[in-house]
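Below you'll find the structure, written out as structure tokens, and then a few comments.
The values are calculated or read from the model by the stated rules, or taken from the named source; none is laboratory data. Nothing here was measured: the structure is a model prediction, and the numbers come from that model. No Cβ is skipped: glycine too gets one built from the backbone with ideal geometry, and neighbour counts run over all protein chains shown. With ligands, DNA and RNA removed, areas are computed over all heavy atoms of the protein, side chains included. Shrake-Rupley method; radii C 1.70, N 1.55, O 1.52, S 1.80 Å.
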Amino acid sequence: MDADTLSRENAHLKARLAEVEAALVEVQEANRRLEGILRASQRERFGKSSEKLSPDQFNLPLEDAELAQGVLEAAQEKAAAALAQARGEEPRKPARNRGHLPAHLPRIERVIEPASTLCPCGCGEMTRIGEDVSERLDVIPAQFQVLVTRRPRYACRRCS
């Protein structure tokens with residue numbers, strides 16, 4: 001590595017350090033505000049009666065606490081993101097599987113045919129036009145399996 005590369009990397013690291021320190025200062029400030037709100041609410045609840053707030057003013061510290069909590073959470077998320085980025089990590093999206101059961105589970109298929117595939121009007125056999133497939137998870141103690149139920153749909157081509 002030459003001196004120019006090292007100086008660029010040093011400048012980059014100093015900039016990242018400044019970002020992380022700024023995020024840390026934000027978190028500390030939000031934490032300080034929350035502690036002040038907590039002290040004020042404790043003084044209101046446990047302090048001398050002359051120092052107590054009127055019932056109308058009781059909700060004001062709670063609103064400040066909610067606001068400060070939101071600021072604190074945002075600052076913590078920002079600091080965590082800055083630290084992860086400083087480490088070179090990419091933010092991961094959670095792997096989710098919505099609506100599909102795992103493919104490795106054994107499947108037991110059951111086909112439910114209608115009692116008769118003859119057309120009610122008497123013109124002959126009905127033709128299969130599709131099917132409805134539903135899967136549900138069945139738990140047998142210490143064993144998992146997927147029950148697949150197929151319900152073929154039939155229609156007569158002659159008497160639409």
Quick one: Arg150 ticks every box in (1) over 30 Å from the mean Cα position of the chain (by Cα); (2) surrounded by fewer than 10 Cβ atoms within 10 Å (Cβ to Cβ) bar one, so which box is it? (2)
Would it be correct to say that Arg98 is surrounded by 10 or more Cβ atoms within 10 Å (Cβ to Cβ) and on the phi < 0 side of the Ramachandran plot? no
Within the range 74-91, work out how many residues are open to solvent by 100 Å² or more (accessible area, probe 1.4 Å), more than 16 Å from the chain's Cα centre (by Cα) and at pLDDT 70 or above. 3
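Listed residues Pro120, Pro141, Pro94, Pro114; which is out of contact with any Pro (no Cβ under 6 Å at 6 or more places or on another chain) and either within 30 Å of Arg16 (Cβ to Cβ) or at pLDDT 90 or above (or both)?
Working: Pro120 fails: either within 30 Å of Arg16 (Cβ to Cβ) or at pLDDT 90 or above (or both); Pro141 fails: either within 30 Å of Arg16 (Cβ to Cβ) or at pLDDT 90 or above (or both); Pro114 fails: either within 30 Å of Arg16 (Cβ to Cβ) or at pLDDT 90 or above (or both).
Testing whether each residue is out of contact with any Pro (no Cβ under 6 Å at 6 or more places or on another chain) and either within 30 Å of Arg16 (Cβ to Cβ) or at pLDDT 90 or above (or both) leaves just Pro94.
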Only residues that are open to solvent by less than 90 Å² (accessible area, probe 1.4 Å), within 23 Å of Leu67 (Cα to Cα) and free of Cβ contacts under 8 Å to residues at least 60 places away in the same chain: list them for the range 2-22, please. Ala22
